[in-house]
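The values are calculated or read from the model by the stated rules, or taken from the named source; none is laboratory data. Bear in mind that the values here come from a model prediction, so they are computed numbers and not experimental data. Here the Cβ positions follow ideal geometry from the backbone for every residue, glycine too, while neighbour counts run over all protein chains shown.
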Amino acid sequence: MLQACTQYPDKIENNINDSIQFSDSLINKLSLEQKVALLHGMGGGNSEFGDLDVRFFGIGGNEDFGIPPFFMGHGITGVRSGRDTSIHATYFTTPIAIGCSWDTELYNEVGTAIAKEMRALGQDLSLGPTLNIIRHPLGGRNWESFSEDPYLTSRMGVAYTKAVQNNGIVSGPKHFVANNQETNRFDINNEVDERTLREIYLPAFKAAVKEGGALNIMGAYNRVNNDYMCHNEYLLDSVLRGEWGFGGFVLSDFANGVKDTKEAVDARMNVEMHRPKYYSDSLINLVKKGEIPETRIDELLKDVFIVMYKMNLFDRERFEDKQVIRSNDHLATARKVAQNTPILLKNEGILPLKQNELNSLAIIGPNAKPYASLKSSHANYAYYLQGGGSGRTYYFHNSVVDPFTGIGNAIREEMEVSYAQGAKTPNQYARNKELPIDEEDEKHLSKAIKVASKAETVVLVVGLSGFNESEGWDRNSATLPGMQNKLIQEVSKVNPNTIVVLTSGCYIDISSWVDDVKALLFVPYCGEQIGNGLADILTGKVNPSGKLPFTWVKDVDDYPKGSIFRGKEYTEKGISNLYNEGIFVGYRWFDKQNLEVQYPFGFGLSYTQFKYEDIHVDDSSFPIRVKAKVTNTGSKFGKEVVQLYLSAQNPTIEKALQELKGFEKVGLAAGEAKTVEFLLDKDDFAHYDVTNSTWAIEAGTYEIRVGAHSRSLPLTSKVTLPNEILE
Ligand code: BGC
């Protein structure tokens, strides 16, 4: 769907010629060795990822020539500088939580705030956002992704890229491309057909580059169709630069992205991270032997200098005002995230809590409070209420408002509150290992049962942590680790008013208990204000408005077989990870199979109700204008995500039953109505025509569907289009 025009900074647009001249003249002054030294990361040491605890990632610079270091940090949750665990910033969100919000304005606010904190901590580039599609619910980095859907992922990638680049930080969408699982992450060959690449895995990168103006891309570790992504000339050079007009530079994923100097250089992969392996002596030697022309080195470096010039890196101060870090404004933004991302999946009238009628509340569960064994000195203390791996931020110790504290802050003083941990904490099941039930388990459970049976209502806070879902490996099971399922079953037996709060960054199998509980609130890891946001929703101060960015299946085996690859490393057996489900990823697959799901893509309840009526379509020319009226028919203010899907009627080529092509989050007072307008461009109707290597519209009728989620689309209208080949 067409979006309002970009807010690309003038600075970037207007100085292209200056930046070229500047870069050329600087390059002319440098020797081959000096140039090559600027084409690799500044990490040292022998460990795979360079020095552990290194304060900054990035390119070293060259003081003699006035070239500053180019610092690259993480900024998808909050700021993380290098591997330094002592550098802290506001923990704003996780990408999956942003996916749950369906709120691009909110993400713009978050991206702006993160960029300011990155600048305060001396960073120049954000190693992100992660634009990889959730292909399978057990993927270790799902919490770092936005969605199973390319359109939703695209909108978020564009919002973030514009926000950070407008605030002085280069955006580096990653991991380009088809990086959808962690098992064998350094040595896997993903066989993806061209149409699937174009329609599912590439669109978010294309949007970040073409609409968002991303100035950096990180090449993934994996191979796509036999070529390592950091050597992949077709995707890096022909598609990214040639077709999309990418004007920035490419970074390799760290430590293991590049495996061959010449192949990477030929693909115009600019900078090897994080320490010199292939882009140092071997590169110099290849140039000296005449196998790589020195002009190619100049070209690689020029791409980097142009970006540095455009972003003013040669002139600006390294550190901006540190006052922004955890400023009141930023904490308010974090609270907004925590209020707008939880998804109410089930509610049998128990929520919001009727505080005046309620005298006692039990808060139970291993995720209700920080894990006792993770004191602030523990390197992985920040795995609590956050996923694991490089994307996480080392939040300030004790900055996270845990659910117990948040709820305590929000309920009336006279309420009697009791607590039980209920089960061992998820960190004790690192990588979801199974442990035999022991005395400690029994003790936790019996205390929880006692506490639950005495209270009028129970809030049961269960879930995962960065110890259970992380970069580096995929989950081996979709169930809650440890005794948590049993805890929910036993507590709900003794207390019929049990509300489950599920905190994780991904799908969990809830089938063994969901029918027995009164309410279920999915709370993605949503930043340091998580407990306050949760309490705002439980008490009704805020109406939940999150919607599922992935399908909540009944059984993880409902996913296409082989869509998570557990085989050997590619070099060992030569067996590839086949993307055989093709374009049928996420809801596209469940629709095709006509499978009942637990909660459909786009689903989420509210404390109010919304009515959809009056669809009006003006298809006299492109963009096609679709208007739909939505009314809040309940008695509370609420936000609704109005969703638009397109469905080709009787196509001759295989297509998804329907595809998301537009959404808008609207806030409506009780009784208020709003007409939402969507603009549909030709691209929205197109499929990728592999035979002619082009996008094309197939002649025929297309149904436009508007409603509250992918399986509730009451407003429909049809348009008929002729065959058309698009550019
Ligand atoms: C990850 C990247 C990350 C980099 C630096 C790699 O292992 O795949 O996402 O940006 O490390 O931490």
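If I filter the stretch 340-348 for residues that are of a type in the set (D, E) and under 29 Å from F603 (Cα atoms), do I get at least one hit?
Within the stretch 340-348, one or more residues are of a type in the set (D, E) and under 29 Å from F603 (Cα atoms).
So, Q609, is that one polar (S, T, N, Q) and more than 23 Å from the chain's Cα centre (by Cα) or not? Show your work before the answer.
Working: polar (S, T, N, Q): yes; more than 23 Å from the chain's Cα centre (by Cα): yes.
When the stated conditions are applied, Q609 passes them.
So P342 clears everything in (1) closer than 30 Å to E63 by Cβ; (2) in contact (Cβ under 8 Å) with a residue 40 or more places away in the chain; (3) under 31 Å from the mean Cα position of the chain (by Cα) except one condition, right? Which one?
(1)
Would you check which residues across the stretch 537-565 are part of a helix (DSSP H, G or I), surrounded by 22 or more Cβ atoms within 10 Å (Cβ to Cβ) and of a type outside the set (V, I, T) and list them?
Hit for the stretch 537-565 is L538, nothing else.
Kindly indicate which of F319, F396 is among the aromatic types (F, W, Y), away from the ligand (no atom under 16 Å from the Cβ) and over 30 Å from S25 (Cβ atoms).
On the way: F319 fails: over 30 Å from S25 (Cβ atoms).
Exactly one residue qualifies, and that residue is F396.
Hey, could you check the stretch 114-150 for residues that are hydroxyl-bearing (S, T, Y) and over 17 Å from E581 (Cβ atoms) and say which is nearest to the ligand (Cβ to nearest atom)?
Among those residues, the one meeting the criterion is T130.
Scan the stretch 233-245 for residues that are farther than 19 Å from N189 by Cβ and surrounded by fewer than 22 Cβ atoms within 10 Å (Cβ to Cβ) and report the count.
First, pick out the residues of the stretch 233-245 that are farther than 19 Å from N189 by Cβ: 237-238, 240-245.
From what is left, the residues that are surrounded by fewer than 22 Cβ atoms within 10 Å (Cβ to Cβ) are 237-238, 241-245.
Matching residues across the stretch 233-245 total 7.
Can you name the residue in the stretch 204-243 that is within 16 Å of the ligand (Cβ to nearest atom) and of a type in the set (F, W, Y) and, of all such residues, is nearest to T161 (Cα to Cα)?
Here the residue is F205.
Of all residues being out of contact with any helix residue (DSSP H, G or I) (no Cβ under 6 Å at 6 or more places or on another chain) and touching a residue at least 12 places away in the same chain (Cβ under 8 Å) in the stretch 510-519, which is nearest to T341 (Cα to Cα)? Just the residue, please. Explain how you work it out, then say what you get.
Taking the stretch 510-519 first, the residues out of contact with any helix residue (DSSP H, G or I) (no Cβ under 6 Å at 6 or more places or on another chain) are 510-511, 514-515, 518-519.
Next cut, touching a residue at least 12 places away in the same chain (Cβ under 8 Å) only: 510-511, 514, 518-519.
Numbers: I510: 20, S511: 23, V514: 21, K518: 20, A519: 17 Å.
Among those residues, the one meeting the criterion is A519.
Give the residues of the stretch 1-39 that are at pLDDT below 95, among the hydroxyl-bearing types (S, T, Y) and surrounded by fewer than 18 Cβ atoms within 10 Å (Cβ to Cβ), sorted by residue number.
T6, Y8
Would you pick out the residues in the stretch 628-660 that are under 27 Å from G700 (Cβ atoms), touching a Phe, Trp or Tyr at 6+ places or on another chain (Cβ under 8 Å) and loosely packed, with under 15 Cβ neighbours inside 10 Å?
Scanning the stretch 628-660 gives a single hit, Q649.
Which residue, of K568, K611, is without any contact (Cβ under 8 Å) to a residue 60 or more places away in the chain and surrounded by fewer than 22 Cβ atoms within 10 Å (Cβ to Cβ)?
Testing whether each residue is without any contact (Cβ under 8 Å) to a residue 60 or more places away in the chain and surrounded by fewer than 22 Cβ atoms within 10 Å (Cβ to Cβ) leaves just K611.
For the structure I just gave you, tell me whether T503 is farther than 23 Å from V110 by Cβ and either away from the ligand (no atom under 16 Å from the Cβ) or among the acidic types (D, E) (or both).
Numbers: farther than 23 Å from V110 by Cβ: no; either away from the ligand (no atom under 16 Å from the Cβ) or among the acidic types (D, E) (or both): yes.
Here the answer is no, as T503 does not meet what is asked.
In the stretch 453-468, how many residues are among the aliphatic types (A, V, I, L, M), in contact with a helix residue (DSSP H, G or I) (Cβ under 7 Å, 6 or more places away or on another chain) and in a loop (DSSP other than H, G, I, E, B)?
Residues of the stretch 453-468 that are among the aliphatic types (A, V, I, L, M), as a first pass: 455, 458-462, 464.
Within this subset, residues satisfying the condition of being in contact with a helix residue (DSSP H, G or I) (Cβ under 7 Å, 6 or more places away or on another chain) are 458-462, 464.
Narrowing the set further to residues that are in a loop (DSSP other than H, G, I, E, B) leaves 464.
Number satisfying all stated conditions: 1.
Just the residues that are among the β-branched types (V, I, T) and surrounded by 18 or more Cβ atoms within 10 Å (Cβ to Cβ), please, taken from the stretch 412-451.
Once the filter is applied, which keeps residues that are among the β-branched types (V, I, T) and surrounded by 18 or more Cβ atoms within 10 Å (Cβ to Cβ), the stretch 412-451 yields T425, I449, V451.
Which of the residues spanning the stretch 643-661 are closer than 22 Å to L548 by Cα, of a type outside the set (A, V, I, L, M, F, W, C) and not in a strand (DSSP E or B)?
As a first pass, look at the stretch 643-661 and keep what is closer than 22 Å to L548 by Cα: 643-647, 656-661.
Okay, now just the ones that are also of a type outside the set (A, V, I, L, M, F, W, C), so 643, 645, 647, 658-659, 661.
Passing the criteria: only Q658.
Mind telling me which of the residues E664, E677, E640 ends up being assigned to a strand (DSSP E or B), touching a residue at least 60 places away in the same chain (Cβ under 8 Å), touching a strand residue (DSSP E or B) at 6+ places or on another chain (Cβ under 8 Å) and of a type in the set (D, E)?
E640
Pairs please, first residue from the stretch 181-205 and touching a residue at least 60 places away in the same chain (Cβ under 8 Å), second anywhere and among the acidic types (D, E), Cβ atoms under 6 Å, 6+ apart in sequence or on different chains.
Listed by first residue and then by second, the contacts come to Q181/D474; E182/D474; T183/D474; N184/E569; D187/E569.
Can you tell me which residue within the stretch 364-383, out of those that are surrounded by 24 or more Cβ atoms within 10 Å (Cβ to Cβ) and not small (G, A, S), is nearest to S465 (Cα to Cα)? Write out each step before concluding.
Restricting attention to the stretch 364-383, the residues satisfying the condition of being surrounded by 24 or more Cβ atoms within 10 Å (Cβ to Cβ) are 364-368, 382-383.
Checking which are not small (G, A, S) leaves us with 364, 366-367, 383.
Working: I364: 17, P366: 10, N367: 8, Y383: 6 Å.
Result: Y383.
Count, please, the residues in the stretch 246-286 that happen to be crowded, with 21+ Cβ neighbours inside 10 Å, β-branched (V, I, T) and more than 16 Å from the ligand (Cβ to nearest atom).
Within the stretch 246-286, residues that are crowded, with 21+ Cβ neighbours inside 10 Å, β-branched (V, I, T) and more than 16 Å from the ligand (Cβ to nearest atom) number 2.
Show the residue pairs that are 6+ apart or on different chains and have beta-carbon atoms under 6 Å apart, the first residue being within the stretch 83-104 and closer than 13 Å to S504 by Cα, the second being at pLDDT 95 or above and in a helix (DSSP H, G or I).
Pairs that qualify, where the first residue is closer than 13 Å to S504 by Cα and the partner is at pLDDT 95 or above and in a helix (DSSP H, G or I), are T93/V110; T93/V337; T94/W143; P95/E144; I96/W143.
When the stretch 127-171 is examined, which residues are found to be within 23 Å of V553 (Cα to Cα), of a type in the set (S, T, N, Q) and assigned to a loop (DSSP other than H, G, I, E, B)?
N132, S145, S147
Is it the case that Y201 is away from the ligand (no atom under 16 Å from the Cβ), over 24 Å from L152 (Cβ atoms), among the hydroxyl-bearing types (S, T, Y) and crowded, with 24+ Cβ neighbours inside 10 Å?
So Y201 does not fit the description; no.
Considering only residues that are assigned to a loop (DSSP other than H, G, I, E, B), within 16 Å of the ligand (Cβ to nearest atom) and closer than 12 Å to A430 by Cβ, which ones fall in the stretch 469-484?
Answer for the stretch 469-484, where residues must be assigned to a loop (DSSP other than H, G, I, E, B), within 16 Å of the ligand (Cβ to nearest atom) and closer than 12 Å to A430 by Cβ: E469, G472.
Tell me, please, whether a residue that is modelled with pLDDT of 95 or more, over 18 Å from I564 (Cα atoms), more than 16 Å from the ligand (Cβ to nearest atom) and in contact with a helix residue (DSSP H, G or I) (Cβ under 7 Å, 6 or more places away or on another chain) can be found in the stretch 175-197. Break it down into steps so the answer makes sense when it comes.
If we filter the stretch 175-197 for residues that are modelled with pLDDT of 95 or more, which is where we start, we get 175-197.
Next, only the ones that are over 18 Å from I564 (Cα atoms) stay: 176, 194-195.
Filter once more, so that each one left must be more than 16 Å from the ligand (Cβ to nearest atom): 194-195.
Checking which are in contact with a helix residue (DSSP H, G or I) (Cβ under 7 Å, 6 or more places away or on another chain) leaves us with none.
No.
Look at the stretch 87-113 and say how many of its residues are within 16 Å of the ligand (Cβ to nearest atom) and either surrounded by fewer than 24 Cβ atoms within 10 Å (Cβ to Cβ) or part of a helix (DSSP H, G or I) (or both).
Of the residues in the stretch 87-113, 3 are within 16 Å of the ligand (Cβ to nearest atom) and either surrounded by fewer than 24 Cβ atoms within 10 Å (Cβ to Cβ) or part of a helix (DSSP H, G or I) (or both).
Checking the condition away from the ligand (no atom under 16 Å from the Cβ) and either touching a residue at least 12 places away in the same chain (Cβ under 8 Å) or within 27 Å of the chain's Cα centre (by Cα) (or both), which residue from S390, S376 passes?
Exactly one of S390, S376 is away from the ligand (no atom under 16 Å from the Cβ) and either touching a residue at least 12 places away in the same chain (Cβ under 8 Å) or within 27 Å of the chain's Cα centre (by Cα) (or both), namely S376.
Pairs needed: first member in the stretch 445-473, over 23 Å from K354 (Cα atoms); second member anywhere, within 16 Å of the ligand (Cβ to nearest atom) and part of a strand (DSSP E or B); C-beta distance under 7 Å; at least 6 residues apart or different chains.
Filtered contacts from the stretch 445-473: G466/G388; F467/G388; E469/G388; S470/G388; E471/G388.
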